[in-house]
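Colleague: Let me begin by handing over the structure; questions about it come next.
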Amino acid sequence: MKTEKKMQLALQLVSGYGVESSAWRMPGTDPAAYTNTDSYVEMAKMAEKGKFQMVFIADTPVLGGDLRRQSPTFPMDPMLALMAVARETERIGLVATLSTTFNYPYNLARQFKALDVISHGRVGWNAVTTSNPAAAANFGAQPLSRKERYAMAHESIQIVQALWGSWEEGAWTLDVEGGQFADMDKIKPINLQGHYHGSRGPLAIPPSEQGQPVIFQAGGGYEGLELAGSYASGVYANPYDIESAREQRQAIRQSAVRFGRNPDDIKLIAGFIFSIGSTEEEALDRRRQLMSLASDEIPDRVRYLGAMIGLALSVDAMDINEPIPTEMLKRAYPSPQDPRSPRALELALKGLSIRDILAHGVINYHPVVAGTPTQVADFMEEWFLAEAVDGFSVVPDIAFDGVEDFVNLVVPILQERGLYHEDYEGETLREHMGVPYQYGPL
Ligand SMILES: Cc1cc2nc3c(=O)[nH]c(=O)nc-3n(C[C@H](O)[C@H](O)[C@H](O)COP(=O)(O)O)c2cc1C
């Protein structure tokens, strides 16, 4: 089936190494990539070569991961990483996550708008409410209820957008002859005061080539949907199967309609992890190697796998290089609480060893596709043609060679199948995403 519509791609930049906690130890990886800004720049340049619409950085202001053996989950600072990327790339969009709960709207407006101007209109803000109690503690705060977090988020985004629009489009006259730098009649305060936040404004930054940054959202529940429907042009989500992706996509589209918007102006971008090999076995070997470098995590992973299929599995009681004994498997059932469980059970019933079930990524946070470039493209095609997603946030297992393999081997297949564009449609992130120009609040 050919499609006119093209999928959009975001490359998730994960603290320089890739998503797997042991990727920092893989041969070829720079073990200090965390502090080496060049690693982010190189990934972004490679993604730009593959015409990705954007790079995307998830971020929570905490020390993520057990650093005794794992690399950090988040970069040192997302905005500074993107600043470096902005200077070394020309087209690709730059999206960072910053919390509406732990930042003043004025600071958010200023940082994102400045980067948007510096990058000539390529920036997006993933506005999240951050429920993590450790993040609250880092700001000397107690965790807030979901209701409060989302009430704050509405205020935050409204103030940020008003500040972005506070400098009218024709305000920057730069009239050297007449001696007028800017027309102060077109630079106005916003005078917004809410329950949690306020700002007088104006912001001291002119419009960018795309007016102002694009808003993204990632969060749960009805409140999350309302926030997305009200303001977001993109939603990052982690559906585990096509059905739930389709439901989530329908829900955000309907939410946009409830707020008087065109449902095509909001894009669902689903995350998945890829491991590429020239055969499926080679891709799985890559994942087995990652697992062997994280051997201290195996006991917990085995226990977790057991919980997913209703069995008490333990490394002390069994050999993980063997399949789960048939007698035990008769009692197995997929946990109704965990959408990943049916696949875990399916692989167990096929007689795979416990190690190999785990190598398939059944307990990863995102779906994992381990296989040939064609298998990765098949997965993406199936989800896209089922109208389950507008695009993907692709998450490399190991960044240093994974991103290159994706761009050189998967992208041409997607293009060949007519699923993905051949080149950028424009210059700005809004143009890449096909979402309308916006200046100030909607
Ligand atoms: C797909 C997805 C990605 C998220 N990414 C981040 C992130 O990068 N940083 C962050 O602080 N919170 C992130 N969140 C968490 C939300 O901000 C929120 O804390 C979480 O969804 C739980 O609260 P909620 O269900 O009330 O939204 C993400 C949530 C989802 C669903």
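The values are calculated or read from the model by the stated rules, or taken from the named source; none is laboratory data. Worth saying up front: this structure is predicted, and the values here are computed from it rather than measured. Here the Cβ positions follow ideal geometry from the backbone for every residue, glycine too, while neighbour counts run over all protein chains shown.
Colleague: On the basis of being within 16 Å of the ligand (Cβ to nearest atom) and of a type in the set (Lys, Arg), does Arg200 make the cut?
Modeller: Numbers: within 16 Å of the ligand (Cβ to nearest atom): no; of a type in the set (Lys, Arg): yes.
Considered against the rule, which asks whether it is within 16 Å of the ligand (Cβ to nearest atom) and of a type in the set (Lys, Arg), Arg200 comes out as no.
Colleague: Further question: Spot the failing condition for Lys113; the list is (1) over 26 Å from Gly224 (Cα atoms); (2) touching a residue at least 60 places away in the same chain (Cβ under 8 Å), and only one is missed.
Modeller: All conditions pass for Lys113, except number (1).
Colleague: Just wondering, is there one or more residues in region 284-302 that are in contact with a strand residue (DSSP E or B) (Cβ under 6 Å, 6 or more places away or on another chain) and not hydrophobic (A, V, I, L, M, F, W, C)? First the steps, then the outcome.
Modeller: Start the filter on region 284-302 by keeping residues that are in contact with a strand residue (DSSP E or B) (Cβ under 6 Å, 6 or more places away or on another chain), which leaves 284, 286-287.
Next cut, not hydrophobic (A, V, I, L, M, F, W, C) only: 286-287.
Yes - at least one qualifying residue is present in region 284-302.
Colleague: In region 227-248, what residues are surrounded by 24 or more Cβ atoms within 10 Å (Cβ to Cβ), free of Cβ contacts under 8 Å to residues at least 60 places away in the same chain and of a type outside the set (Val, Ile, Thr)?
Modeller: Scanning region 227-248 gives a single hit, Ala228.
Colleague: A follow-up question, please. Do you know which residues across region 393-423 are out of contact with any helix residue (DSSP H, G or I) (no Cβ under 6 Å at 6 or more places or on another chain) and closer than 24 Å to Pro72 by Cα?
Modeller: Within region 393-423, Ser393, Val394, Val395, Asp397, Phe400, Asp401, Gly402, Asp405, Phe406 meet the criteria.
Colleague: Still on this structure: Among the residues of region 319-340, are any of a type in the set (Gly, Ala, Ser) and closer than 24 Å to Ile273 by Cβ?
Modeller: Residues of region 319-340 of a type in the set (Gly, Ala, Ser): 332, 335.
Now drop any that are not closer than 24 Å to Ile273 by Cβ, which leaves 335.
Among the residues of region 319-340, at least one is of a type in the set (Gly, Ala, Ser) and closer than 24 Å to Ile273 by Cβ, which makes the answer yes.
Colleague: Consider Ala137 against the criteria (1) within 16 Å of the ligand (Cβ to nearest atom); (2) in contact (Cβ under 8 Å) with a residue 12 or more places away in the chain: it satisfies all of them except one. Which criterion is unmet?
Modeller: Of the numbered conditions (1) within 16 Å of the ligand (Cβ to nearest atom); (2) in contact (Cβ under 8 Å) with a residue 12 or more places away in the chain, the odd one out for Ala137 is (2).
Colleague: Check off (1) assigned to a loop (DSSP other than H, G, I, E, B); (2) under 30 Å from Glu427 (Cβ atoms); (3) of a type in the set (Val, Ile, Thr) for Val55 and give me the number that stays unchecked.
Modeller: Just one mismatch for Val55, condition (1).
Colleague: Select, from Thr97, Thr129, the only residue that is in contact with a Lys or Arg (Cβ under 8 Å, 6 or more places away or on another chain) and within 16 Å of the ligand (Cβ to nearest atom).
Modeller: Values: Thr97 fails: in contact with a Lys or Arg (Cβ under 8 Å, 6 or more places away or on another chain).
From the options Thr97, Thr129, the qualifying one is Thr129.
Colleague: Shifting gears a bit: I'm trying to understand the selection: among the residues of region 249-272, which are of a type outside the set (D, E, K, R) and buried (at least 21 other Cβ atoms within 10 Å of the Cβ)? It would help to see each step written out before you state the result.
Modeller: Within region 249-272, the first condition is being of a type outside the set (D, E, K, R), and the residues that meet it are 250-252, 254-257, 259-260, 262-263, 266, 268-272.
Within region 249-272, Ile252, Ser255, Ala256, Ile266, Leu268, Ile269, Ala270, Gly271, Phe272 meet the criteria.
Colleague: State yes or no: is Ala86 in contact (Cβ under 8 Å) with a residue 12 or more places away in the chain, within 13 Å of the ligand (Cβ to nearest atom) and not in a loop (DSSP other than H, G, I, E, B)?
Modeller: Answer is no for this residue.
Colleague: Among the residues of region 53-65, is any modelled with pLDDT of 95 or more, touching a Leu at 6+ places or on another chain (Cβ under 9 Å) and of a type in the set (S, T, N, Q)?
Modeller: yes
Colleague: Turning to a different aspect of this structure: Pairs needed: first member in region 417-428, among the aliphatic types (A, V, I, L, M); second member anywhere, in a loop (DSSP other than H, G, I, E, B); C-beta distance under 7 Å; at least 6 residues apart or different chains.
Modeller: These pairs meet every condition: Leu419/Thr3; Leu419/Lys6.
Colleague: Also: What are the residues in region 214-229 that are closer than 16 Å to Asp265 by Cβ and either touching a Leu at 6+ places or on another chain (Cβ under 8 Å) or modelled with pLDDT under 95 (or both), if any?
Modeller: Val214, Gln217
Colleague: Can you give me the ranges of the helices (runs of 4 or more DSSP H) entirely in region 211-295 with at least 2 residues that are away from the ligand (no atom under 12 Å from the Cβ) and of a type in the set (S, T, N, Q)? Step through it out loud before you land on a result.
Modeller: Values: elements: 221-231, 242-258, 280-292.
Filter on region 211-295 gives 242-258, 280-292.
Colleague: Report the residue count in region 30-56 for those that are touching a residue at least 60 places away in the same chain (Cβ under 8 Å) and within 16 Å of the ligand (Cβ to nearest atom).
Modeller: Residues meeting the conditions: 2.
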